[in-house]
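Report on the following structure.
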Amino acid sequence: MAAQSFDVVVIGAGPGGYVAAIRAAQLGLKVAIVEREHLGGICLNWGCIPTKAMLRSAEVYHLMHRAKEFGLSATGVSYDLPAVVARSRAVAKQLSGGIGHLMKKNKVTVFMGAATLPKKGAVSVKTDKGTEELTAPSIILATGARARELPGLEADGDLVWSYKHALVASRMPKKLLVIGSGAIGIEFASFFNTLGADTTVVEVMDRILPVEDAEISAFARKQFAKQGMKITEKATVKKLDRAKGKVTAHIESGGKTEAQDFDTVISAVGIVGNVENLGLEALGVKIDRTHVVTDEFCRTGVEGLYAIGDIAGAPWLAHKASHEGVMVAELIAGGHPHPIKPNSIAGCTYCQPQVASVGLTEEKAKAAGHQIKVGRFPFIGNGKAIALGEPEGMIKTIFDAKTGELLGAHMVGAEVTELIQGYVVSRTLETTEQELMNTVFPHPTLSEMMHEAVLDAYGRAIHF
């Protein structure tokens, strides 16, 4: 059977791949996309979206318990875990189906199967019906990543869960151990802790949420502790002894190892890129610690071959993958797009309280040699936060003292994942403190704290 020819073949239909395919099609290119599991990838099916649906259930449950504070009454408050999971799966399914519709609308040919690259400019797809041979001068790798598994801590779906098992939890953990306190670990810890699990988090670094600003991490830690979470930092889970209905975790901290019993363990110790079994090495693609090495335009060094999203390294965020997809599609179509600036990509964590940030932390700004001005504003000084019953939180801004450049912004508190984009736009526009101070923020909103945190960096905060 003759090979089918395309202008672009995209491998992987997650938020990087499907967006790259749509943009390439919009630009008049003939596009095929190959996906081995489900359209929308991890993000829509097993990551960003279904976790947010579950966390929303936990948030509503938490608020129902606080009804009295708001002059309301709610009695017999309880939850139905299978129904929470079913809602989350329905949300994921609705969005995944939407991707199929977008592919049809944009005339992108979809091949469901596993891809390999037998030679430059060729893709072989093993489908249920046999093998399809595709050719294209441009190929975009968007195969994503999967959960890292540490020896002895592997998930079994019964006592030890990966994020996938946690998303379709068949039972409510009574005593839960979460290994790793990055975004994934903390979101699951927050979800199960809110629903009443006795939750312990173990983090190998010296603080939880280690990529965040130290002050924000410390604030979040205090809030989690208030909610009853137990947190051990600078600690390692050495091994797990599995027995019927229980796991004994050997946790090493400060040179001492302690054994603790749990009924459930969630492993969230990072990710590894899906680089195997594609034939990349034979093509001469450079791979460093499970990630494809690329330049700022996502070029791999092999002519016509690009890598975007998680497979191309940090930050491992869906929105970074999507933007890289658009950039590469425009590059292939002969455009001159700007490269993505990793420091202007926001990170959001949907625990309670939420955490969001963009740009440099205070520590990194100092290490990079900047003289800095730092501003802070607490939620307790904001009318809308108090009216919402959410007075716990803070916003922190970091400016270059000489130029007024906004180097970084860091937030913890209610709805900060929706607020952060204000600072993201500011960084993209290369705004200084002057423009931010001269911007009129609407009242009463949480966003006013963003204004105050800028004013505070220059000793001009009004409401605190």
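The values are calculated or read from the model by the stated rules, or taken from the named source; none is laboratory data. Predicted, not measured: the structure shown is a model, and the values here were computed from it. Don't worry about glycine lacking a Cβ; one is built from the backbone with ideal geometry, like all the others, and counts go over all protein chains shown. For the accessible areas, the whole protein counts, side chains as well, though only heavy atoms, and no ligand, DNA or RNA atoms are used. Shrake-Rupley method; radii C 1.70, N 1.55, O 1.52, S 1.80 Å.
Numerical summary
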{"item": "Criterion (within 26 Å of the chain's Cα centre (by Cα), modelled with pLDDT of 95 or more and open to solvent by 10 Å² or more (accessible area, probe 1.4 Å)) met by exactly one of P442, P378", "result": "P378"}
{"item": "Filtered residues of region 279-296 (kept if of a type in the set (A, V, I, L, M, F, W, C), in contact with a Ser or Thr (Cβ under 8 Å, 6 or more places away or on another chain) and open to solvent by 20 Å² or more (accessible area, probe 1.4 Å))", "result": "V293"}
{"item": "Sole residue being charged (D, E, K, R), over 16 Å from K384 (Cβ atoms) and within 29 Å of the chain's Cα centre (by Cα), chosen from E433, E452, E415, E448", "result": "E433"}
{"item": "Residues being over 30 Å from T236 (Cβ atoms) and not β-branched (V, I, T) - total across region 257-303", "result": "16"}
{"item": "Residue within region 144-157 that is open to solvent by 40 Å² or more (accessible area, probe 1.4 Å), outside any loop (DSSP other than H, G, I, E, B) and within 25 Å of L44 (Cα to Cα) present", "result": "yes"}
{"item": "Search result, residues across region 381-405 that are closer than 17 Å to E59 by Cβ, open to solvent by 20 Å² or more (accessible area, probe 1.4 Å) and either part of a strand (DSSP E or B) or in contact with a helix residue (DSSP H, G or I) (Cβ under 8 Å, 6 or more places away or on another chain) (or both)", "result": "E390, P391, E392"}
{"item": "All positions within region 1-36 that are touching a strand residue (DSSP E or B) at 6+ places or on another chain (Cβ under 6 Å), over 12 Å from A122 (Cα atoms) and either modelled with pLDDT under 95 or part of a loop (DSSP other than H, G, I, E, B) (or both)", "result": "A13, L29, R36"}
{"item": "M450 vs. criteria of a type outside the set (G, A, S), part of a strand (DSSP E or B) and in contact (Cβ under 8 Å) with a residue 40 or more places away in the chain", "result": "no"}
{"item": "Single residue of E233, E276, E252 found to be without any contact (Cβ under 8 Å) to a residue 24 or more places away in the chain, under 16 Å from G180 (Cβ atoms) and surrounded by fewer than 20 Cβ atoms within 10 Å (Cβ to Cβ)", "result": "E252"}
